Amino acid sequence: MLLLWKQTPSRDVVCWSLTSYAVMLLSLKAADITPSRSGEIAFSFGGDSADDSSGLCSRVPKRQRTHHQRARLPRLMTMPSNHFHRQQGRAFPGGTEASHSGDGCVGTGPASDERNPFTQLSRLVPVGATRFASARDWNRDKNLAEYRSGELVLQSRPRYMLVELTQGCNLQCEMCRSQRIGISSSRLDSALFRRVAEELFPTAELVDLRGWGESLLLPNICEVMRYTRSFGCDVRFVTNLSFNRKAVLAALAEHHCYVAVSLDSAEVDVLLNLRRGASLARIRSNLKILVSQCRALHGNSDRIVLNCTVQAPALATLESLVTFAAEVGVPEVRLASVSASKKPHLSLCGRDEDVAAALQLVQRTGEQHGIRVVAATHFAGLPESDPHKMACLRPWSFACVNVDGLVGFCDHLIGPFARKYLIGDLRVSGFTEIWNSDQWQELRREHRGPRRAGAEMFSHCDWCYRKRFVEFEDLFLPELGPAKINLSTT
């Protein structure tokens, strides 16, 4: 580390503490860091693939590797040693910027698209996940204790972080938006992303890199994944998977991400009606590739699920969606009813008999193919959720940051319609100030009781207490597992 310090060309950089040096020393071996004569430091994250057709580059001896190859290696990043330090006044220091190579990897070239908040994420230096294990364990235990005792002011930090990278999307879904929004039109500021990551990812257990857009379309999303995983947290995406980016699929498998694929029908015409621009053939192909890679790397595909928003036009095709899951190797289908008060042709209201019949077919098909079918919300024929059950975990354990830096408490309350549920602004306040603000304390107090439907910021929560079931909250509170509504007995 003294050698690295001597190699740094400028002393007016942010000085690392002795603790940081100790952590780096312990992490060097795990991260496989090797300085070269030229002052570059290579970061190896496992074996490399020789499949250049998928956008990955095979390993080449360092002296024979071209500058382009050095930048494109998805598991072997090279950076000048002065990138260990953060120069004053700059969120992402020094050197050239990263440029998109067209396949989800990152190339290096002259200063490129300044508007892309992730063009320089490859400059960030992961130093091993184990460095945060103790802090994460302490935070988990403390947060559980504070939740169970109903504390209003917390010492712990969020265990789940949703960070909205973009609101742009390649599809135009009728239930979601009236027009397509370009992927470059609304993105999270890069400096704000890094600030959130450095402060909150070390104690978070799951980071959800999505929001009201399709974040897997961002040019440097593979680097974002790698950087996020360097903190030791798991990563989750909700995606339409209707794109052609094999390198992204490889990164999802490599980092063992939780992937929820939004798919409402396995019939082409119905899907195009509900999600304009979607390609069922592409989704099928991507799922087969992703499942295959996850099984090869991790022995299973259990972190991949189909998320189905049940809408009236797709009711008759619901059964085929379960068959589709079995075909591509996805073990679980989650069903949630659509919220479409302004679009009654999508709504399930007044269709109780049709819904009950469709769910019976889904249940039978799931049991036949060995697919878990989980109801995430109430449907006709199912009992309503108990409104007096234990308090929702979210006000104590979840935090969400949207593209504008505004902070919320629920992953269901995202997008323009949910702005009234946002509590603070990271551009003007620190996170701890927001996390323990009077407004957030009052929210926790309301969830603890009496849970008045008319209370501030509680109207949607009131619906959830009556209509929403366990989705993935059992990852944070295992005793919620038996409360899941499994329609199939698998």
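The values are calculated or read from the model by the stated rules, or taken from the named source; none is laboratory data. Just so you know, these numbers come straight off a predicted model, no measurement behind them. Cβ placement follows ideal geometry from the backbone for every residue including glycine, while neighbour counts extend to all protein chains displayed. Just the protein is used for accessible areas: all its heavy atoms, side chains included, with ligands, DNA and RNA removed. Shrake-Rupley method; radii C 1.70, N 1.55, O 1.52, S 1.80 Å.
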Selected residue (criterion: most open to solvent (accessible area, probe 1.4 Å)) from residues of the range 221-260 that are part of a helix (DSSP H, G or I) and among the acidic types (Asp, Glu): Glu254
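Yes or no, residue by residue, for (1) under 30 Å from Lys389 (Cα atoms); (2) modelled with pLDDT under 80; (3) surrounded by 22 or more Cβ atoms within 10 Å (Cβ to Cβ):
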site: Trp138; (1), (2), (3): yes, no, no
site: Glu151; (1), (2), (3): yes, no, no
site: Arg159; (1), (2), (3): yes, no, yes
site: Thr166; (1), (2), (3): no, no, yes
site: Leu171; (1), (2), (3): no, yes, no
site: Ser178; (1), (2), (3): no, yes, no
site: Ala197; (1), (2), (3): no, no, yes
site: Glu214; (1), (2), (3): no, no, yes
Complete set of residues in the range 202-212 that are under 18 Å from Ala260 (Cα atoms) and open to solvent by 10 Å² or more (accessible area, probe 1.4 Å): Glu205, Arg210, Gly211, Trp212
Val291 over 21 Å from the mean Cα position of the chain (by Cα), part of a helix (DSSP H, G or I) and buried (at least 18 other Cβ atoms within 10 Å of the Cβ): no
Tally, over the range 182-195, of residues that are modelled with pLDDT under 95 and buried (at least 18 other Cβ atoms within 10 Å of the Cβ): 5
Sole residue being closer than 30 Å to Ser156 by Cβ and in contact with a Phe, Trp or Tyr (Cβ under 8 Å, 6 or more places away or on another chain), chosen from Arg394, Arg334: Arg394
Criterion violated by His369 - all others in (1) open to solvent by 70 Å² or more (accessible area, probe 1.4 Å); (2) in contact with a Ser or Thr (Cβ under 9 Å, 6 or more places away or on another chain); (3) without any contact (Cβ under 8 Å) to a residue 24 or more places away in the chain satisfied: (3)
The lone exception for Arg282 - which of (1) in a helix (DSSP H, G or I); (2) more than 25 Å from Leu318 (Cβ to Cβ); (3) not hydrophobic (A, V, I, L, M, F, W, C) it fails: (2)
Subset of the range 423-440 [open to solvent by less than 60 Å² (accessible area, probe 1.4 Å) and either assigned to a loop (DSSP other than H, G, I, E, B) or farther than 20 Å from His412 by Cα (or both)]: Ile423, Leu426, Ser429, Gly430, Phe431, Asn436, Ser437
In the range 379-395, the residues that are open to solvent by less than 40 Å² (accessible area, probe 1.4 Å) and over 14 Å from Ile423 (Cβ atoms): Phe379, Ala380, Leu382, Ser385, Ala391, Cys392, Leu393
Single match in Arg451, Arg445 (criterion: assigned to a helix (DSSP H, G or I) and either of a type outside the set (S, T, N, Q) or within 30 Å of Val322 (Cα to Cα) (or both)): Arg445
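One line per residue, one yes/no per condition, for (1) assigned to a loop (DSSP other than H, G, I, E, B); (2) charged (D, E, K, R); (3) at pLDDT 95 or above:
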{"position": "Thr323", "(1), (2), (3)": "no, no, yes"}
{"position": "Ala336", "(1), (2), (3)": "no, no, no"}
{"position": "Ser339", "(1), (2), (3)": "yes, no, no"}
{"position": "Pro344", "(1), (2), (3)": "yes, no, no"}
{"position": "Ser347", "(1), (2), (3)": "yes, no, no"}
{"position": "Val355", "(1), (2), (3)": "no, no, no"}
Failed item, numbered, when Ala266 is tested on (1) assigned to a helix (DSSP H, G or I); (2) closer than 26 Å to Val338 by Cα; (3) touching a Leu at 6+ places or on another chain (Cβ under 6 Å); (4) open to solvent by 10 Å² or more (accessible area, probe 1.4 Å): (1)
Only listed residue being of a type outside the set (A, V, I, L, M, F, W, C) and assigned to a loop (DSSP other than H, G, I, E, B), chosen from Glu367, Glu327, Glu384: Glu384
Any hit, the range 441-461, residues being aliphatic (A, V, I, L, M), open to solvent by less than 10 Å² (accessible area, probe 1.4 Å) and within 22 Å of Leu154 (Cβ to Cβ): yes
